[in-house]
Structures are given as structure tokens and as C-alpha cells.
Amino acid sequence: MSDDKTIGEELSQEEFLARVRTARMSDVLRALPDAEIPDWVIDLLAIYDHQGSQGGIRALRRVADDALTRRAGRDGQRFADLAQVLDAFTTGLAGRRLRLAVGDTAYTDTETLFVPAAITRFASRAENFRLYKCLIAFLWAQNWFGTWREPALGQLAPYADRQRALALFAALEGLRLDARIRAELPGLARDMDRLGARPPLPPDWQDAAACLRAADADAAHSWTLTAELYRAGIAPLEPLCYQGELQPERVAEVVAARSARERDQFVAALAVIAAELANRPGVAAGEPPRFHLEREQTDRLFQRRRKLDRNVAVLFMVDMSGSTKGWINEVCRESLVLLCEALELLGDRYAIYGFSGYTHMRCEAFPVKTFAEPYDTAVQDRISGIRPQDYTRMGVTIRHLTRKLLAVDARTRVLLTISDGRPDDEDGYRGDYGIADTRQAILEARSQGVHPFCITVDDQAQDYLPHMFGPAGYTLVEKVAKLPYRVADIYRRMTG
């Protein structure tokens, strides 16, 4: 019996459940994980109790949408909840505010970046947030690296099958933009890789991909290759989950409106200039204005190069000695949380290790977050679990963590120590020996290209830190309560 025959017909609970089993169970099994089906049935019966069998049947028909809502609430991310963070992320990418808005699909019209209202693709909130970031980055890259500099509708006009030509161009631009992001924003490229590796390219695509990896490749190259692949009958590649869509009709509309708006503004500006010229002495009434460019623009114009590419790896070495017990330990944990949130937006690779020790027989480094790990609830739990241990044996820890930093492929490697005091241990390590050993470890790290830096809250740091880290290799935070904010500011100045 079809659902249409139930309109106006009230069913008993047994008849209603029979209808569920026979008419819609396949939809339920497709839409819901097995573990959620019992809860869904309970909710459905509650709807039946309050709204009757007709309300229950309407809920049955919405099973796919309800499943999406359940999953979004549990594992998904909603744009409305992330708008402020994503706006800051977009501003950091572009160097200026760009408009973000919700759209049916992910695309850009060159003025606005449109993203879905909710993302539930992955079974983890962290991965769905990462997908939002990568979608925005890829749409920004279309504008920044010139996907729309060639009028797309004009380029597509000669093709009999415009949809296939557009799909080929989108795939080629996907390869080109991936290469540009990988070269200039490696942190974002790693985020994209975490969302799923691209399947091996078919042989027919190998030469085109190699051409588009060149630093001087632009959208014109992609259009040329589109024509070649179209004539050869090559099938388009499947887009990756973060690449969005190309909508040339929307781009053409927005570009035309912008051109008209800017033309009107230009005409209005010329009218103002003409009026000013007409009022100058010696200009006859009704004489048309004459514009003359006297000379080319001077080259004595200050220009500032904006650094857009970051290739930074930082390892935070956190003092877990017994002297950090109490307030210092608490604000240190707050500092790490703030740093992690900031670094996730920047895309810098980072790791966190706590350290302590008890004589040279027990030197401990506690991995809070490794370079390979995502920032998730497990890392947050480890940060919350940082507690004071024993002594401050620094030299061996610096050598050990320097080796970990050197294993990371990065142009800039920073070893940032957060501590409350001088090196100290039971077996004669305190005093001159501990300071000399730590200084030697720092010199060894610098000779290998690592940049050590120390942030301390010890008001006697002037007595030993200039000798260990150098006069510019440390900073003193006098008020412990300000440590979380000072750490983030110091990191920005060190790596910016």
C-alpha cells in the first residue's frame, strides 16, 4: 500500500508500525546508523502519540532530513556557529574582509564566498571544521590566483557540450590551485591532505598536471588544456570534497554589475573634476574639459611586500617541574589552549611536550601533542592533565626535542620553552653545571637551524637566561596572569 492511501486515514499503533516496516524501513536503514534506529523509533512513536498516524507518516517521509539533523547535531558543524572564527580565518587569508554567506553549494561569484549551512561529511567535528576551512581557502584561491580573469562564458561558447568543457576546466583548475596552495600555504595543503588523498591521476592527465604545477601556470593554460582534453575525449576528474563548484553564470552577473557600478562611479568622479576645471580662471564658459597626463607615475612610491607564505614548525617545551605547582601550572595550561586555537587558524605545524626529570637516570618528556596529531579532545584532555612532577633538567630535553623538530620539513623551526625557573636537579645539576649544559644544548640547536626561545615568569631570570639563551633569546612575563596573552603575542612576533 502506498503512503498516499494513508491521507485522512487514522491507524492504530500496530498498523502504523506495520506501515513503518513495510513502506519505509529501507529508507531508515539507508539514512540512519544501526545504533540510532532504536532512538529514532522511540521519537517516531512520540510523534504518533501527539500528532496521530498522519503526523507519524509525515515524519517517516522526512527520515533522510531528520538523519542529517541528528548527525549535524552530533558530529557536524554549522556555519552559524563558526561564522566569527571563519570570518577571521578568511581575513587572515586575504588580508582584508571577504564576505561569507550560506549557499546551496560551495562556490564564489568573485565577491562572496558561499559555503553550506552545515557540514556533516565526516564523523568528527574537527574534520568537518577542517572541511569548512579548506572549502573557504579553495574558493579564495580561485579569486587570488586568477581562475576568473578569463571570461568563462566566452571561453565555453565554442563547445557543443559546455557542461563537459566546464567540468574539464574545473578539474584542471583544481590541479593548478592545489599546486599553488601547496607551494605558498603548506599548512593549508596538509589540512587538505587530511581530508582524503587524491586518487592516482589517470595516464591521460599526467602531462596536464605537470604543466599546471609550474609556478607561472595560470587560468589561460587551463583553458588551453581544456580544449586539448575535450578534443581527445578525456573524461573529467571527480572533484575533491573541498573544491566546490564553478558557476560562471553567477560570476558573469556579478562582474557585469560591478563593472557597471564602477563605470558609474568613474563617470561621477570625472564630472566632479570637470566641474572643478570649469571654475578655474581662464576657462571659457562651455569649454569642454581637457585631461592631460603629464608624466608616468613615479617609481619613488613606497611599497610593502605582504608575506603570505608560512612554512613554520614550532615545538612547545613546557616546564612540568614541582615549582610550577598552583597558579603557574593553571595559567600555563590556559596559554597552551589559546595557542592551539590560534595555530589551528594559521595552519602552522606544532607539537607540545612537557618535561621533568629526577637525576640523569630519569629524564622525562611527556608528549601532549605530536606533530602528526590533530588538535582534538584527546589533546585537550592531555593539556588539562598537565601537572607538576619533579625537577627542571633542561639540556637533555632540548637535545631530544631538537631532533624531533629537525625531522619536520619546514623552513622555520622554533623551540619555545615555557618555564618558571633555572635548570635544577638532585645530582649536582643545579647551579653552574645545569646552566652550562643548557647553554650548550641551545648552541647545538642553533647550529642545526633551530631557533630556541624561552618565556619565563622567574623574576630572577636576568641572572642566568642572557647567558643561556642570549640577550634576545628570552622574555620575562612579570605578571603570571598575563602569560596566556603574552605567549600568543610573542609567538606572533617571532614567526610573523
| note | For ARG430, other-chain or 5+-apart residues with amide H closer than 5 Å (H placed, Pro excluded) are ASP425
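Less than 9 Å Cβ to Cβ from GLN243, Lys/Arg counted +1 and Asp/Glu -1: what total charge do the surrounding residues give? Please list the in-between numbers first.
Numbers: positive: none; negative: GLU173, ASP178, GLU245.
Net local charge, GLN243 excluded: -3.
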| query | Got a number for carbon plus sulfur as a percent of segment 358-437's accessible area, 1.4 Å probe? | reply | 50 percent
| said: Suppose the chain between ARG263 and GLU150 were pulled fully straight at 0.36 nm per residue; how much longer would it get relative to their current alpha carbon spacing? | reply: 38.7 nm
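Which of the peptides 188-198, 373-383 is most tightly packed, and how do the rest follow, going by the mean number of other Cβ atoms within 10 Å of each residue?
188-198, 373-383
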| Taking the highest mean first, how do the peptides 386-398, 465-477 order by number of other beta carbon atoms within 10 angstrom per residue? | 386-398, 465-477
| query | Can you give the extra length, in nm with one decimal, that the chain gains between ILE273 and ARG194 once fully stretched, where that is 0.36 nm per residue apart less the Cα-Cα distance? | reply | 22.9 nm
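Dipole size in debye (nearest 20) for segment 178-280 around its Cα centre, Lys and Arg Cβ +1, Asp and Glu Cβ -1? Can you show the working numbers first?
On the way: 12 positive and 16 negative charges, 48 e Å.
So the dipole magnitude of segment 178-280 works out to roughly 240 debye.
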| How much length is gained if the chain between THR91 and ALA210 is pulled fully straight, taking 0.36 nm per residue apart and subtracting their Cα-Cα distance, in nm to one decimal? | 39.7 nm
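Report the local net charge at GLY103: Lys and Arg +1, Asp and Glu -1, summed over other residues whose C-beta lies under 15 Å from its C-beta.
-3
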| What is segment 353-455 by shape, rounded, prolate or oblate, if you read a ≥ b ≥ c off the alpha carbon gyration tensor as root eigenvalues and call it rounded for a/c under 1.5, prolate for a/b larger than b/c, and oblate otherwise? | oblate
| Among residues other than THR402 whose Cβ falls under 13 Å from its Cβ, what is the net charge (Lys/Arg +1, Asp/Glu -1)? | +4
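The values are calculated or read from the model by the stated rules, or taken from the named source; none is laboratory data. Owing to the predicted nature of the structure, the values given are computational and were not obtained by experimental measurement. All Cβ positions, even for glycine, are placed from backbone atoms using ideal geometry, and neighbour counts span all protein chains on display. Only protein heavy atoms, including side chains, enter the accessible area calculation; ligands, DNA and RNA are left aside. Shrake-Rupley method; radii C 1.70, N 1.55, O 1.52, S 1.80 Å.
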